[in-house]
Each structure stands twice: as C-alpha cells, then as structure tokens.
1. May I ask for the angle, rounded to the nearest 10°, between helix 44-54 and the longest principal axis of the chain, with both axes built from Cα atoms and the value confined to 0 to 90°?
2. Can you list the HN-Hα couplings for region 128-139, worked out from phi with the Karplus curve (6.51, -1.76, 1.60; θ = phi - 60°), rounded to whole Hz and with x for Gly and Pro?
3. Once both labels are modelled 7 Å past Cα along the beta-carbon direction, what's the Met20-Thr109 spacing in nm?
4. Which order results if Lys4, Lys92 are arranged by neighbouring Cβ count within 10 Å, fewest first?
5. Figure the gain on full extension for Lys4 and Ser38 (residue separation times 0.36 nm, minus the Cα-Cα span) and round it to one decimal in nm.
6. With a 10 Å cut-off between alpha carbons and a GNM built on the chain, which of Arg110, Arg70, Arg91 moves the most?
7. Please list, in chain and number order, the residues 5+ apart from Asp67 or on another chain whose amide H is under 5 Å from its amide H, with Hs placed from the backbone.
8. Among [x] 2, 9, 17, 21, 21, 16, 8, 3, 2, 1, 0, 0; [y] 2, 11, 20, 23, 20, 14, 7, 3, 1, 0; [z] 2, 9, 17, 19, 17, 14, 10, 6, 3, 1, 0, 0, 0, which one is P(r) over Cα pairs in 5 Å bins from 0, in percent computed from these coordinates?
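Derivation of every value follows stated rules applied to the coordinates shown; laboratory data play no part. The model shown is predicted, which means the values in this text are computed figures rather than measured ones. Positions of Cβ are backbone-derived with ideal geometry, glycine not excepted, and every protein chain shown enters the neighbour counts.
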Amino acid sequence: MPEKSYDVVGLGVSTIDLLMLVDHLPAEEEILRAEGFSTQGGGPVATAMVAAARAGGRVAMIDALGDDWRGDAIVNGYTDAGVGTDLLVRRKGYTSATAVLLVRRGSGTRTIVWSPGTAPELAPDEIPYAAIEQAAYLHVNGRPRRRPA
C-alpha cells in the first residue's frame with residue numbers, strides 16, 4: 001500500500017480567537033477589565049490539527065477563509081505550527097471567522113461570542129477529495145448553519 005500524503009486532514013472551522021482573562025463574567029451593561037489578553041487560532045478541528053502537527057504528524061486543514069488580516073493570521077498560525085495550508089481556499093473580498101472568549105480566572109468557565117465571517121463555505125466541487133482519499137484519517141466537525149437574514 002502506498003504511503004499516505006497526510007496522516008490526518010481536517011475539515012472544519014478555522015477562527016482567530018481573541019481571549020481575555022477576567023475575574024468574573026460580565027453582567028449586562030457592565031464594563032469589565034481584562035487581566036490578560038491573547039490572540040490564538042481556534043476551532044475544534046483546527047485545534048486538533050495544530051496538536052497533531054506539534055506531535056509530529058503530517059497534517060493539513062481544509063477550509064475557506066477570507067483574504068482579510070484574520071485569514072492571514074490563521075494561515076500564519078497553521079504555517080508556524082506545521083499544518084499544511086495548501087488545501088485552504090482564500091476568498092477575495094471576504095472576512096474570516098473570529099471569536100471573542102472571556103475566560104474566568106480560577107474556574108476556567110468561559111463565554112464565547114462568535115462571528116462566522118462572510119467567506120462562503122466550500123462548495124462540494126471545491127472539496128479536495130483526492131487529498132482526503134490520500135490521508136490516513138479525516139477529522140471533521142459540524143458547522144453551525146447560517147440563519148437567513
């Protein structure tokens with residue numbers, strides 16, 4: 001049997017996460033000071049792909065991103081972690097997914113506000129089926145449906 005191109009290929013949501021460490025989760029109309037701030041890549045499959053790459057796996061991510069600064073940050077994060085980016089599609093004039101996470105100090109409970117961005121999801125004819133077939137494993141997660149405006 002021929003060697004697989006990738007150990008794992010991921011198909012899911014790629015986000016840029018803005019994390020803030022807070023003493024408590026805010027009440028309505030409350031202004032709250034964050035004690036820590038971090039910008040990281042996020043998304044369940046995306047996080048798994050980074051972990052697999054850091055463990056030495058040959059991995060790649062499949063997703064559609066905007067051509068905005070957030071998409072650039074997502075691609076750079078994947079590249080820095082060793083995740084293959086050749087299966088990503090960049091959509092000109094669109095934005096990438098972003099999440100703001102408020103993480104409570106001590107308990108680690110969190111509140112997440114998510115913006116899916118405007119980049120259209122991959123159409124069936126854009127999915128790189130050959131790359132999926134050449135991978136040992138495919139890791140997927142569901143995508144929340146966009147509600148009509």
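1. For helix 44-54, the angle is close to 70 degrees.
2. 3J(HN,Hα) across region 128-139, in whole Hz: x, 4, 4, 5, 5, 5, 8, 8, 5, 9, 10, 10.
3. 1.8
4. Values: Lys4 14, Lys92 7.
Least to most surrounded, the residues fall as Lys92, Lys4.
5. Details: separation 34, 0.36 × 34 = 12.24 nm, distance 3.55 nm.
My answer for the length gained is 8.7 nm.
6. Comparing Arg110, Arg70, Arg91 in a Gaussian network model of the chain, the most mobile one is Arg110.
7. Arg91, Gly93, Tyr94
8. Looking at P(r) over Cα pairs in 5 Å bins from 0, in percent for this model, the match is [z].
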